[in-house]
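One structure is given here, and the rest of the page talks about it.
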Amino acid sequence: MPTIGVAVAIPEPWGKQLQDYRESVGDTSASLIPTHITLVPPTDLADDELEVVEQHLAGVAVQRLPFRVHLRGTGTFRPVSPVVFVSLAEGIADCEQLADALRQGPLDVELDYPYHPHVTVAHDVEARCLDRAFTELAGFECTFEVEQFHLYLHDAATGWRPYRDYDLQGVG
């Protein structure tokens with residue numbers, strides 16, 4: 001039974017920079033999770049569902065246009081969840097609309113929390129490390145074009161790995 005996730009990858013050099021930062025604050029999961037904006041959270045599939053999901057993702061990608069994301073500053077989900085993240089200053093609505101389209105049909109999954117696009121930079125670490133990340137990355141900023149999203153598969157030993165890319169085409 002595969003576990004999948006769908007996300008926007010943060011391009012280089014920022015993806016590695018944020019992943020390295022996440023490791024520096026003691027987040028032991030950082031090396032197992034590429035830097036990303038989640039669109040569909042971890043979801044378990046039956047072995048025979050992966051092909052149907054891939055077709056669904058391809059269908060959504062054909063209909064959606066590329067968009068710009070501007071990451072700027074930090075936020076947190078504390079006290080609800082021990083997470084510090086880099087915020088989206090631009091691209092929120094685009095991520096929400098894409099995520100909504102993806103979470104239909106075979107990926108009609110129930111979310112634990114309302115969808116809030118973000119880039120996690122510290123998760124489940126000591127409070128002082130969360131505070132450090134919140135403060136030190138408050139001035140972080142980058143802008144990039146989102147031209148594709150990615151299907152990731154989870155492996156217990158190596159973590160989340162890209163499985164397939166879907167180019168946003170906006171022709172449907």
- Query: Quick one: is G26 outside any strand (DSSP E or B) and in contact with a Cys (Cβ under 8 Å, 6 or more places away or on another chain)?
  - Reply: yes
- Message: in contact with a helix residue (DSSP H, G or I) (Cβ under 9 Å, 6 or more places away or on another chain), open to solvent by 50 Å² or more (accessible area, probe 1.4 Å), in contact (Cβ under 8 Å) with a residue 40 or more places away in the chain and on the phi < 0 side of the Ramachandran plot: is that true of T158 in this structure?
- Response: yes
- Selected residue [more than 15 Å from F149 (Cβ to Cβ) and of a type in the set (A, V, I, L, M)] from L71, L57, L65, L39: L71
- Note on the structure: For region 50-91 the number of residues that are touching a residue at least 12 places away in the same chain (Cβ under 8 Å), open to solvent by 70 Å² or more (accessible area, probe 1.4 Å) and outside any strand (DSSP E or B) is 5
- Query: Restricting the first residue to region 96-111 and requiring it to be more than 14 Å from E49 (Cα to Cα) and open to solvent by less than 60 Å² (accessible area, probe 1.4 Å), which pairs with a second residue that is part of a helix (DSSP H, G or I) and not charged (D, E, K, R) meet a Cβ separation below 6 Å and a spacing of at least six or different chains?
  - Reply: A101/V60; L102/V60
- Subset of region 1-20 (residues that are open to solvent by 30 Å² or more (accessible area, probe 1.4 Å) and modelled with pLDDT of 95 or more): T3, A9, P11, E12, P13, W14, K16, Q17, Q19, D20
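The values are calculated or read from the model by the stated rules, or taken from the named source; none is laboratory data. The model shown is predicted, which means the values in this text are computed figures rather than measured ones. Note that we place each Cβ from the backbone using ideal geometry, even for glycine, and neighbour counts take in every protein chain shown. Ligands, DNA and RNA are excluded from the accessible area calculation, which covers all protein heavy atoms including side chains. Shrake-Rupley method; radii C 1.70, N 1.55, O 1.52, S 1.80 Å.
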